[in-house]
Amino acid sequence: MLLLRLSGGMTRDVVTPRGEAPAVEAARLLADDLIEGLVNTAAAGYAVGALDVAVLGYRAPDQEGQQLLSLLPDGDPKPRFVPLAHVAGAPAVPRDGDGLPRKWAVLPACAGEPSAGAALAGVYQMVSVWLTGRYASRPPVVIHCAGAGDHDDSYFTTARSLNLLGTAHGPTRLLHYTFAPQPAAPADSRLADVSAALAARRGAFVNEWDLADPWDAIFACAPQEDATAWADAGAGLSGVCAMWAQKMGNTPEQWEDAYALDEGRGAAAVADGASSGIYCSIWAQQLCRRLLADRPDVRDPAALNKWVAGLRAEWRAAINYDGLNWSKQAKVDQVGAAATLLGLEVGPADATGGRPWRACAVGDASLFWVRRGELLATFPVVAADQFGSAPLLVRSSPGYRTAALAAAGTCEPGDRFVLATDAVAARLFKSAATELGVDWERLEGLAEADWRAELDVLRRGNDMVNDDCTLVVLRVTDPAREGPEPPEVVGEVFAREDVPAREPLAEAFAVEDVPANEGLTLEEALALEPLAVEEAAASEPPAREPGGEPQERSGPGGSGAPPNEPVAVGGGDVVIDLPCDPPPAPPADGAPARTASGD
C-alpha cells in the first residue's frame, strides 16, 4: 500500500536525485516507479506471487472534512486493494521521456493540512481486514510519503499498532519517505523507530528513494518459527482489576459479556455476546474459559475452525437444547449465539524481564498497551469511529467461517494491558483523542461501584453507548521481584471496595467529539462472514449454571471438551500465499524487467 499526503505543504519544491519538483510530484514518481516495476516484473513472467495493491491519497478540502481516496487510474475513488493483474490493465498514461514510468497515480488537487494519524488509522483498518484469516500470507507493506513535521502525535501510536499486526512471515512493514525543502534534514528519529528494519537500513528516508528498499520489504520474507513456550510462561500477568456492568436498564442477569483470567499461565480473554442471538452469555463465557484452557492456535484458520466446531456441541449441551420449547429451539437453529472474542498471552521472561506477547481478536473487543502511563499501541481497533454495528463474530451455528486477526510484541515489567469490550473501548478512544487524555493509572484504583456509577453518567449524557461493559486491567510481572498478594476475589470479581474513590470518570475523561475519518469502513472493506441473521426484538435472558456467577475465572485443568470435528466453512476461501523466491529488482532506469530467455 502506498499512502501519499495531498496537503498544501506538499506543493513546495524539493530537490531529489531525479531533480527539483513539488514534493507531491516526487512522491507520485516514487509510487509510479514501484507500480511500474511490479507490473513489468509480473508481465515478464517472474513469480511475484499473489499481490494486492492500493495507492491512496489523503487531503482535507474546506468544508468537506478529511478524505482518503484511491489514486489508481481506474476512476473509482473508494479506498481498496486491487489485484496486481487488475492494476496492470488500468489506463495508465505514459510519460514523455525515455525510462520514465507510466502515471499509475492520478493526483487530485492538494488541499488543507490533513491529519496523518487519521489517515494511517484508515490504512490500519484496511490492512487489518485484509489480514484477518490470512496468517500464512506475506506481511503487508505500507509506504507513507509526507513532508517534514507532518506526523502528529496520534500517528506514532497508530504506527506502533500497525507494526503489531503480522503473519507467519513477520510483522507489517512500514516505510517512510519524507520530502522536505533543502537543506534536507535527517529522518525524524521517531519515524525511524516505527519504520521497518530492512536488510541494509531502516525504512526511513529523506528526499530520495531506491526501489531496492521497497522490493526488499515486499519480497524478502520467510516463515518464522514460533518457538515460544506459551504454556510455560508462569505468572506473567497480575490481575489489577476486573469490572463489569450490564446495560443501563437491564438486570445483572442480562449481562452478556464475559471474561476469564489465568494469571498462573499469563493469559486473559474477554468476549461480548451479540444482542441479536440467543443464550449468548453462555457462549461468551464458554469462549473465554476454553480459550485459556485449550490454548488453540487461532492464527491458523483450520485449527481455529476445528476448535470452534467442538465448542458448538458443548454449547448446545450447556443450554439443554433438547429441553427447550419449540420456539427457542427454532431460534437456536436459525440464529444461535454469537460473540466477539479477544485473547492475550504472554510468554516466558528473558534475562531482562521482557516477555513476548501475542493477542488474537475476532471482532472489536479491544486491547490497550500502556507503558509508564502512556498509550503505546492498541489492537484490533485504533480509533473511536471504527466501531460499527456488525463486527466479525464467533458463531455457534455451523457453516460460518471464523477468522481471527493476530498481533504480537514484546512487553516489559510494569507494562499494563487493558482489555475492554466495545462500549468501554470506544469511550477510551474518544477520551484518548482529547487534550486531557486517559488517566490509565486511575483505572487500577477505581472502585467497581464508582465505575458503574460513572458509566451511567456518561450514558445519560449520550457520551457513551448504552451497552454491556467489561474492563480488565493487567500488569506484566517482574520475575526478579516478589509480587504482591493477589487481591481478594469475591464472586469472581476483584474486590476493590477498600480503595478510596477519586474524581468522577466523566470529569477525568474529557468529553469531546472526535472527527470522523471518511476512509473505508469495515463493512465496505471486506465481507468476511455472511450476516444472514434475523432481527430479534430482544435478547433472551441468558441461562446460568446453578449458583454460577456471570463471568468466569479459568485456570489449568478446565473441563474437557467433546472431540473436535471439522467445520463447514462458509464465505470466501482463505487466501494463502506460498513463499517464493523474490523476483529480481527492476532496473534502476525504470526499463521493463526481462527474463533470461527474453520471453
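In this structure CYS221 has an accessible area near 30 Å², from a 1.4 Å probe over the protein heavy atoms.
In terms of overall dimensions, the C-alpha atoms belonging to region 2-219 reach 41, 40, 39 Å along their principal axes, ordered largest to smallest. Given R₀ = 22 Å, FRET efficiency for ARG12-ALA199 by Cβ-Cβ distance, to 0.05? Once the sixth-power term is evaluated, E becomes 0.10. What percent antiparallel are the DSSP beta bridges of region 2-219, to the nearest 5? Roughly 45 percent of the DSSP beta bridges within region 2-219 come out antiparallel. Rolling a 1.4 Å probe over the protein heavy atoms of region 237-476, with every protein chain left in place, gives an accessible area that is 49 percent carbon and sulfur. With R₀ fixed at 22 Å, the C-beta to C-beta distance from GLU412 to ARG190 puts the FRET efficiency at about 0.70. Comparing Cα centroids, region 320-398 and region 179-255 end up 19 angstrom apart. For region 206-321, averaging the sequence separation of C-alpha pairs within contact (under 8 Å, six or more residues apart) and dividing by the residue count gives a relative contact order of 18 percent. Pairs spanning more than 28 Å between alpha-carbon atoms, out of LYS247/LYS331; LYS306/LYS331; LYS78/LYS430; LYS78/LYS306; LYS78/LYS103: LYS78/LYS306.
Applying the Karplus relation 6.51 cos²θ - 1.76 cosθ + 1.60 with θ = phi - 60° to region 275-280 yields 3J(HN,Hα) values of 5, 8, x, 10, 6, 6 Hz, where x marks Gly and Pro. The convex hull built on the alpha-carbon positions of region 177-319 has an orientation-averaged projected area of 15.0 nm².
Comparing ILE218, LEU2, VAL93 along the charge dipole axis of region 2-219, the residue lying farthest to the positive side is ILE218, per the Cβ-charge model. The portion of the accessible surface of region 2-219 made up by carbon and sulfur, rounded to a whole percent, is 53 (1.4 Å probe; DNA, RNA and ligands excluded).
Sequentially through region 397-404, phi angles give Karplus couplings (6.51, -1.76, 1.60; θ = phi - 60°) of 7, x, x, 9, 7, 9, 10, 10 Hz, Gly and Pro residues having no value and appearing as x. FRET efficiency for the SER327 to ARG442 pair, using the beta carbon distance and R₀ = 45 Å, is estimated at 0.45. Label-to-label distance for GLU64 and ALA235 is 5.9 nm, based on points extended 7 Å past Cα in the beta-carbon direction. For the set MET243, MET248, solvent exposure ranked by accessible area (probe 1.4 Å, protein chains only) runs largest to smallest as MET248, MET243. Could you state the per residue volume, in Å³, of the convex hull enclosing the Cα atoms of region 237-476? Hull volume normalised by residue count: 125 Å³.
From the P(r) of region 296-359, can you give the percent of Cα pairs sitting at distances over 21 Å? Tail of the P(r) past 21 Å holds 48 percent of the pairs. Based on the convex hull around the alpha carbon atoms, region 236-334 presents an average projected area of 8.0 nm².
Taking 0.36 nm per residue of separation and subtracting the Cα-Cα distance, full extension of the segment from THR251 to ARG371 would add 39.6 nm.
In this Cβ point-charge picture (+1 for Lys and Arg, -1 for Asp and Glu), region 237-476 has a dipole of about 620 debye about its Cα centre.
The values are calculated or read from the model by the stated rules, or taken from the named source; none is laboratory data. What you see is a predicted model, and the numbers here were worked out from it, not measured in a lab. Neighbour counts are summed over all protein chains in view; Cβ atoms, including those assigned to glycine, are modelled from backbone coordinates with ideal geometry. What goes into the accessible areas is simple: the full protein's heavy atoms, side chains included, and nothing from ligands, DNA or RNA. Shrake-Rupley method; radii C 1.70, N 1.55, O 1.52, S 1.80 Å.
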